[in-house]
Amino acid sequence: MKKLQTKHFSIIVTVTSYLYILLFVYSGISKLLDYETFTVQLAQSPLLSAYAGIIAPAVIGLELVLALLLIPKNTRLIGLYASLFLMVAFTIYIYLILNYSDFVPCSCGGIIEKMNWTEHMIFNIAFVILALIAIVLSEKEKHTSKRTVLLKTSLPSLLAAGVVVGLFLSSEHIIKKENNFIRRFGQHPIRDEKAFDLGVNSYYFAGMFDGQIYLGNLTAPLVLTSIDTALTRVETVKIELDDEKHSFRFIQLQVKSPHFYLFDGTVPVIYRGLLSDSLAHTISADDCYFSQLQVIDSVKLAFRAQSSQSKTQVLGLLHLEQHPKVTLFESLLEKQVDGMFDTDGRLLQDEETGELIYIYTYRNQFLIMNQDLSLLRKLHTIDNISQARVQVYTFSDGRHKMNAPPLKVNKTSVVHRQVLFNVSNLMGRFESRELWTKTSVIDLYRTDQQEYLGSLYVNDRGKNKLSGMLATDNYLFVLCGSEIVRYRFAQALMQDFAAGEAEKPEIE
């Protein structure tokens, strides 16, 4: 009877070992044959993103080594303990995904990938139970005490749980605070809802007020176009100037309720008119030249210009009711190469907080300032281009010329409720090059602290890529070619605006 029982125990242990061998060989080889996809999927994990480059080969190698350990009888028990460790780690990983993640990627191989996460967890638990049964029967055959068996099975289980939770907490900190250029794309953060063909591809966003999106047109600079957020009704207004004697080069429009502003920094004139009227009055003449302008309020405007003393780009304030009207802030934009091309960027304002943002074009940094241009914070994007890669020739008269095409880091940006939407020009680690040719990648950052929130794709419209953005509480509007497209934000993304939270509550 005892021999028969031992024989049955041996069969159970052998069958369990072979099931594990089949699982590990199949799973490991599947991952190995499609290694790039496995690594990319693992990089999207909200738990292990920062360690994808290490964990991907480690998991494959461990699975194949364990399959070898489970074949000979003399190493089978060691293999079962190690298998228990790995399977508990996988189970804890899925538990954290299901309970502490805003999105659930897949990083499995073969037919296992077809399971949903709940089914996958049940599958793993079943294999954990099989490993425990096989270990108990093997130890019983060796006359190991029950207390020792309990201790020996508990240790790898606790160690596995500790390793996975530790990696999760560490990875979250690295990805959000000290990112090494690994992007995370949530599940359907935006939904393509509606598109409207404007007819020409020369439009740009001028602003938004009272449910109306305002557009300027590069080919018709004195026409202000508005379209409702439902993208159903378009209206145009031909702007009249109270003084038409100026020879403009590049007129731009900007809407700041209840006014619209019209300006061309190469001519030191700024016009302002009411949105309810078509006449624009001169509010500033011969005060300053500028290359960018951001309206703060009806009498206060921030601008970027070239300093006549340092011949570098500077930020400044134009206050229409103060004397002197113009104040320059020479130290805000940091020179790295020439102080001109290397400080190029985009001046924005968060309409909700009033804060001004300047994001550099050729380096991974953006500045947060108050309305008096006092620097509040220096934050950075997740790429590693901290020094502008521009080659510049400076003429004796102070003029600057590019010697070679620069490495552009940030294309275009918009800010809404302390969330910066930035279209990146650089492909991150573990990303699909093919996907990059068909989409624009938008990275999201907090502006009140150093925190990366995640990324999303916006598909090209035919051969046209995203050229402009405007964000509201519920929608992202983009310009692609001649179309304006409305995308609805997922609920998880909208929570970033309302509460400033990037993730679910921490594990207790």
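Any residue at all in region 273-287 that is under 33 Å from the mean Cα position of the chain (by Cα) and more than 24 Å from K401 (Cβ to Cβ)?
So far as region 273-287 goes, no, none of its residues is under 33 Å from the mean Cα position of the chain (by Cα) and more than 24 Å from K401 (Cβ to Cβ).
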**Request:** Search region 422-448 for residues that are outside the structural domain of P406 (by TED's automatic domain parsing) and pair each with any residue that is surrounded by fewer than 20 Cβ atoms within 10 Å (Cβ to Cβ) and of a type outside the set (F, W, Y) when their beta-carbon atoms are under 9 Å apart and the residues are at least 6 apart or on different chains.
**Result:** none
**Message:** Against the condition of a type in the set (F, W, Y), at pLDDT below 95, more than 30 Å from D287 (Cα to Cα) and in a loop (DSSP other than H, G, I, E, B), how does F181 come out, does it pass?
**Reply:** yes
**Message:** Looking at region 462-476, can you tell me whether even one residue there is in contact with a Gly (Cβ under 7 Å, 6 or more places away or on another chain), in the same structural domain as K194 (by TED's automatic domain parsing), part of a strand (DSSP E or B) and within 30 Å of A52 (Cα to Cα)?
**Reply:** no
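Quickly run through region 298-324 and pick out the residues that are basic (K, R) and at pLDDT 95 or above. I'd like the intermediate steps shown before the answer.
Going residue by residue through region 298-324, those that are basic (K, R) are 300, 304, 311.
Once the filter is applied, which keeps residues that are basic (K, R) and at pLDDT 95 or above, region 298-324 yields K300, R304.
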**Asked** When only residues in region 441-460 that are under 10 Å from the mean Cα position of the chain (by Cα) and more than 17 Å from T353 (Cβ to Cβ) count, which is surrounded by the fewest Cβ atoms within 10 Å (Cβ to Cβ)?
**Response** Y457
**Request:** Only residues that are of a type in the set (S, T, Y) and either touching a Ser or Thr at 6+ places or on another chain (Cβ under 6 Å) or surrounded by 16 or more Cβ atoms within 10 Å (Cβ to Cβ) (or both): list them for region 284-306, please.
**Result:** S284
**Message:** Can you pull out every residue in region 273-283 that is outside any loop (DSSP other than H, G, I, E, B) and surrounded by fewer than 19 Cβ atoms within 10 Å (Cβ to Cβ)?
**Reply:** L274, L279, H281, T282
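The values are calculated or read from the model by the stated rules, or taken from the named source; none is laboratory data. Remember, it's a predicted structure, so these values are computed and weren't measured experimentally. Quick reminder, even Gly has a Cβ in these numbers, built from the backbone with ideal geometry, and neighbours come from all protein chains shown.
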